[in-house]
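Student: The structure's right below; bear with me while I get my questions together.
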Amino acid sequence: MNIFSVLNIISIYIVPCLILLALLFAYFRGVKVFETFVEGAKEGFGMSVRLIPFLVGMMVAIGLFRDSGAMELITGAIAPILSWFGIPSEILPLAFMRPVSGSSALAITAEIMNSHGPDSLLGRMASTMQGSTDTTLFVLTVYFGAVGIKKTRYALTVGLLADLAGILAAIFICNMVFG
């Protein structure tokens, strides 16, 4: 039996064992497990209802941005400047949408993969960008909205700067390694 077979067996049983361990620990500590679970489920449902206005607002804003043609206008305006730095214009829609919407960014990545191939420079840039950045605006909307935080100034700035660093690093590293 090799190490990969052992790791495969461990990976199959680790999550159920951890759940069982947590339940046993709670039982021996005197926690009413089912009642606590139901209370948490009620709280989660209430939180999801409170999040609906934030999510609807975010979806409307994303739809307006994409359908208005603003993304194509911005991309077309800055593409000549960015080409001097080795940044292909085909990757710009992904760079714009990734901090806003994960599903839109994934659709753009799939489109890049279909038209250029996963092993192309653009395909590798898109994949690296997907893994190096986050949906900052979505995260702020959902998590800050869930706990009622209204002032997101510094979190938004830091999140968008981190996304910019991830985007630029993905482009730079992919150009260096695969370009």
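The values are calculated or read from the model by the stated rules, or taken from the named source; none is laboratory data. Bear in mind the structure is a predicted one, so any value in this text is a computation, not a measurement. All Cβ positions, glycine included, derive from the backbone under ideal geometry; neighbour counts span all protein chains shown.
Student: Quick check: anything in the stretch 137-146 modelled with pLDDT of 90 or more, closer than 22 Å to residue 71 by Cβ and polar (S, T, N, Q)?
Tutor: Scanning the stretch 137-146 turns up no residue that is modelled with pLDDT of 90 or more, closer than 22 Å to residue 71 by Cβ and polar (S, T, N, Q).
Student: List pairs: first residue in the stretch 156-179 and within 19 Å of residue 121 (Cα to Cα), second residue surrounded by 13 or more Cβ atoms within 10 Å (Cβ to Cβ) and of a type in the set (Ser, Thr, Tyr) anywhere in the structure, Cβ distance under 7 angstrom, at least six positions apart or on different chains.
Tutor: That search, which allows pairs on different chains as well, returns 166/132; 166/133; 167/133; 169/132; 170/128; 170/132; 173/128; 174/128.
Student: Hey, another quick one. Scan the stretch 165-177 for residues that are surrounded by 14 or more Cβ atoms within 10 Å (Cβ to Cβ) and not small (Gly, Ala, Ser) and jot them down.
Tutor: 167, 168, 171, 172, 173, 174, 175
Student: What single numbered condition from (1) modelled with pLDDT of 85 or more; (2) farther than 17 Å from residue 134 by Cα fails to hold for residue 53?
Tutor: Condition not satisfied by residue 53: (1).
Student: Exactly one of (1) over 30 Å from residue 53 (Cα atoms); (2) aliphatic (A, V, I, L, M); (3) free of Cβ contacts under 8 Å to residues at least 12 places away in the same chain is unmet by residue 122. Its number?
Tutor: (3)
Student: Can I ask one more? Could you list, in sequence order, the residues of the stretch 132-179 that are of a type in the set (Gly, Ala, Ser), outside any helix (DSSP H, G or I) and closer than 23 Å to residue 47 by Cα?
Tutor: 148
Student: Residues that are modelled with pLDDT of 90 or more and touching a His at 6+ places or on another chain (Cβ under 8 Å): does the stretch 106-117 have at least one?
Tutor: no
Student: Still on this structure, please answer the following. Could you tell me whether any residue of the stretch 126-136 is touching a Cys at 6+ places or on another chain (Cβ under 8 Å) and at pLDDT 85 or above?
Tutor: For the stretch 126-136, residues touching a Cys at 6+ places or on another chain (Cβ under 8 Å) and at pLDDT 85 or above: present.
Student: Mind listing whichever residues of the stretch 65-95 are among the small types (Gly, Ala, Ser) and in contact (Cβ under 8 Å) with a residue 60 or more places away in the chain?
Tutor: Residues satisfying the conditions are 86, 95.
Student: Restricting the stretch 130-164 to residues that are of a type in the set (Ser, Thr, Tyr) and within 21 Å of residue 109 (Cα to Cα), which is surrounded by the fewest Cβ atoms within 10 Å (Cβ to Cβ)?
Tutor: Only one residue fits best here, namely 132.
Student: Exactly one of these conditions fails for residue 34: (1) surrounded by fewer than 10 Cβ atoms within 10 Å (Cβ to Cβ); (2) touching a residue at least 60 places away in the same chain (Cβ under 8 Å). Give me its number.
Tutor: Of everything listed in (1) surrounded by fewer than 10 Cβ atoms within 10 Å (Cβ to Cβ); (2) touching a residue at least 60 places away in the same chain (Cβ under 8 Å), residue 34 misses just condition (2).
Student: Something else about it: Which of the residues spanning the stretch 1-49 are basic (Lys, Arg) and outside any helix (DSSP H, G or I)?
Tutor: 29, 32
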